[in-house]
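Structure record follows, encoded as structure tokens.
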Amino acid sequence: MFKNLNELKNYCRENDIKVIDFKVIDLAGKWHHLTIPTTRFTKKTLEDGIGFDGSSYGFLTVEKSDMVFIPDLSSAFVDPFNEVPALTMIGNIYSIGDKIERFEGDPRYVAEKTEKYMTETGIADKTLYGPEFEFYILDHISYKTTPNHMEVYLDSEQADWNMGNKGTKNLGFKVGHHNGYHVDIPNDVSYNLRNKMVLTLEELGVPVKYHHTEVGGPGQLEIELSFSGLLEMADRTMLTKYVLKNEAIRNGKTVTFMPKPIFGEAGNGMHVHFQLFKDSKPIFYDENGYSGLSDTALYAIGGILKHSPALMAFTNPSTNSYKRLVPGYEAPVSICFATANRSSVIRIPGYAKKPDAKRFEFRPSDATCNPYIAYSALMMAMLDGIMNKIDPTEEGYGPYDINIFNLPEEEKAKIKGLPKSLEEAADELEKDYEFLLKGGVFTEGIIRDQLKRIRCDASKVNIMPNPIEFEMYFDL
């Protein structure tokens, strides 16, 4: 939004901005924030930064936890959810030593280095990412986990379980189990709220391709963004989640991006589409190639599929992720590629036929990921596949232009599957991470921190009794 401090100061004065809020991302992919009066924002803020405890963000060790963030003026936006007129911007993380220098583990810095490395390889000079955000809008969520009380209760106005509700006024028009895809009003009860969300995003400079209801009957929805570069899309991903959550709260609802919040209903994914360009020309297109894809695109697919088990530690970093990724459902678990096939890890959209539109999508990922790290890891896998000419067909990844779950058992057995748990994903990353270190993009420190974090999450869940276990085993 701004190129220099003077532009910012003039804007604040002309628009009566009272406070400036800073967003800083942690390793898990959550924004933290700190706010100062506008009068306290000076040249010194941009030179020395603002100090914080990095260990509380999941970075480094407690002994080396002092860090600073320096705001990126270009990321500024007027926050629509503050009662006081507020300008918000993203902070870049710096480490403190003999001098202040960019912290290698800053997720945003990883994304910057990824785009720089892509250009340095000479393979491409521009990338476009296009994520699809699936989420649930709910009317109630409560949960409690204590030694003697484990409970989750959620509710959705439009869920079919409320069809027989006599406790409040009931006008019908509920949405059946797995029957929510593109339902129209009045069944689509969140339509007006989604319009507010989308218009807020547009006002904040986040172009939206479209929005609609999804398969999950109790309020599952999708918002798909227009394409943009890796770093820019990671910023937009964080802003999208921020807007959706806060716009929902402002309207008496709540939003979750949990991959599997409701048993038996469709899970929430975050499919990501990719394109690469060189000298303004699309390098993924070849009219004579499989599904209109060039060899470069197929090598990129080969790289992602080869490294997909390790990628899961970044693209699906929650224990809940693996309750969505189960065989037999729309969520893909088979490491293969195909055209218009939603059961494969890599899907080539059949409708994207023109050179500038030719692309493929990675389907397993979900929005519990840190987008800066996840998008970067996917790019590094693509570049590795292109540089090493990893042919997905020669590697046995397909194409499988058939519903994989309908194949005979002996054929299905030939197709490798994704990790079945967060622990397995961590194991795969430990075995396969050299491709991430190329060009100094990722560091072993980032990988160690991520492994420590997700293994801690897995251990915490593994030792917790689950209510279903009481139903199964209490009286044995």
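The values are calculated or read from the model by the stated rules, or taken from the named source; none is laboratory data. All values reported here derive from a predicted model rather than from experimental measurement. Here the Cβ is made from the backbone with ideal geometry for all residues, glycine too, and neighbour counts use every protein chain on show.
Of ASP391, ASP457, ASP475, ASP449, which residue is closer than 29 Å to PHE337 by Cα and of a type outside the set (Lys, Arg)? Steps first, answer last, please.
Numbers: ASP457 fails: closer than 29 Å to PHE337 by Cα; ASP475 fails: closer than 29 Å to PHE337 by Cα; ASP449 fails: closer than 29 Å to PHE337 by Cα.
Exactly one of ASP391, ASP457, ASP475, ASP449 is closer than 29 Å to PHE337 by Cα and of a type outside the set (Lys, Arg), namely ASP391.
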Among (1) basic (Lys, Arg); (2) surrounded by fewer than 20 Cβ atoms within 10 Å (Cβ to Cβ); (3) in contact (Cβ under 8 Å) with a residue 12 or more places away in the chain, the one test that LYS245 misses: (3)
Options VAL189, VAL152, VAL183; residue that is part of a strand (DSSP E or B) and without any contact (Cβ under 8 Å) to a residue 60 or more places away in the chain: VAL152
Any pair with Cβ under 6 angstrom, 6 or more apart, that starts in region 1-24 at a residue that is β-branched (Val, Ile, Thr) and ends at one that is buried (at least 17 other Cβ atoms within 10 Å of the Cβ) and assigned to a helix (DSSP H, G or I): ILE17/THR38; ILE20/THR38
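Does ILE304 qualify as being over 25 Å from PHE257 (Cβ atoms) and either in contact with a Leu (Cβ under 8 Å, 6 or more places away or on another chain) or at pLDDT below 95 (or both)?
On the way: over 25 Å from PHE257 (Cβ atoms): no; either in contact with a Leu (Cβ under 8 Å, 6 or more places away or on another chain) or at pLDDT below 95 (or both): yes.
No, not satisfied.
Going through region 307-329 one residue at a time, which ones are of a type in the set (Gly, Ala, Ser) and either modelled with pLDDT of 95 or more or under 15 Å from the mean Cα position of the chain (by Cα) (or both)? Break it down stepwise before answering.
Looking only at region 307-329, we keep the residues that are of a type in the set (Gly, Ala, Ser), and these are 308, 310, 313, 318, 321, 328.
Matches in region 307-329: SER308, ALA310, ALA313, SER318, SER321.
Take PHE133 and tell me if it is assigned by TED's automatic domain parsing to the domain that holds GLU222, under 20 Å from TRP31 (Cα atoms), hydrophobic (A, V, I, L, M, F, W, C) and modelled with pLDDT of 95 or more.
Working: assigned by TED's automatic domain parsing to the domain that holds GLU222: yes; under 20 Å from TRP31 (Cα atoms): yes; hydrophobic (A, V, I, L, M, F, W, C): yes; modelled with pLDDT of 95 or more: yes.
Yes, satisfied.
Only one of these is surrounded by fewer than 22 Cβ atoms within 10 Å (Cβ to Cβ), free of Cβ contacts under 8 Å to residues at least 40 places away in the same chain and acidic (Asp, Glu): GLU232, GLU224. Name it.
Numbers: GLU224 fails: free of Cβ contacts under 8 Å to residues at least 40 places away in the same chain.
Just one listed residue meets the conditions, GLU232.
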Failed item in (1) free of Cβ contacts under 8 Å to residues at least 60 places away in the same chain; (2) in contact with an Asp or Glu (Cβ under 6 Å, 6 or more places away or on another chain), with MET270 passing the rest: (1)
Boolean, GLY252 is over 19 Å from the mean Cα position of the chain (by Cα) and not in a loop (DSSP other than H, G, I, E, B): no
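Of the residues ALA425, ALA413, which is among the small types (Gly, Ala, Ser), closer than 30 Å to ALA458 by Cα and surrounded by fewer than 16 Cβ atoms within 10 Å (Cβ to Cβ)? Please lay out each step first, then the result.
Values: ALA425 fails: surrounded by fewer than 16 Cβ atoms within 10 Å (Cβ to Cβ).
None of the others qualify; the one that does is ALA413.
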Region 96-121, residues that are surrounded by fewer than 17 Cβ atoms within 10 Å (Cβ to Cβ), of a type outside the set (D, E, K, R) and in contact (Cβ under 8 Å) with a residue 12 or more places away in the chain: ILE96, ILE100, THR121
Lone unmet requirement of (1) outside any loop (DSSP other than H, G, I, E, B); (2) under 30 Å from ASP384 (Cβ atoms) for TYR143: (2)
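From the list THR213, THR256, THR200, which residue is β-branched (Val, Ile, Thr) and either crowded, with 22+ Cβ neighbours inside 10 Å or free of Cβ contacts under 8 Å to residues at least 24 places away in the same chain (or both)? Quick ask: steps written out before the conclusion?
Numbers: THR256 fails: either crowded, with 22+ Cβ neighbours inside 10 Å or free of Cβ contacts under 8 Å to residues at least 24 places away in the same chain (or both); THR200 fails: either crowded, with 22+ Cβ neighbours inside 10 Å or free of Cβ contacts under 8 Å to residues at least 24 places away in the same chain (or both).
Of the residues listed, the single one that is β-branched (Val, Ile, Thr) and either crowded, with 22+ Cβ neighbours inside 10 Å or free of Cβ contacts under 8 Å to residues at least 24 places away in the same chain (or both) is THR213.
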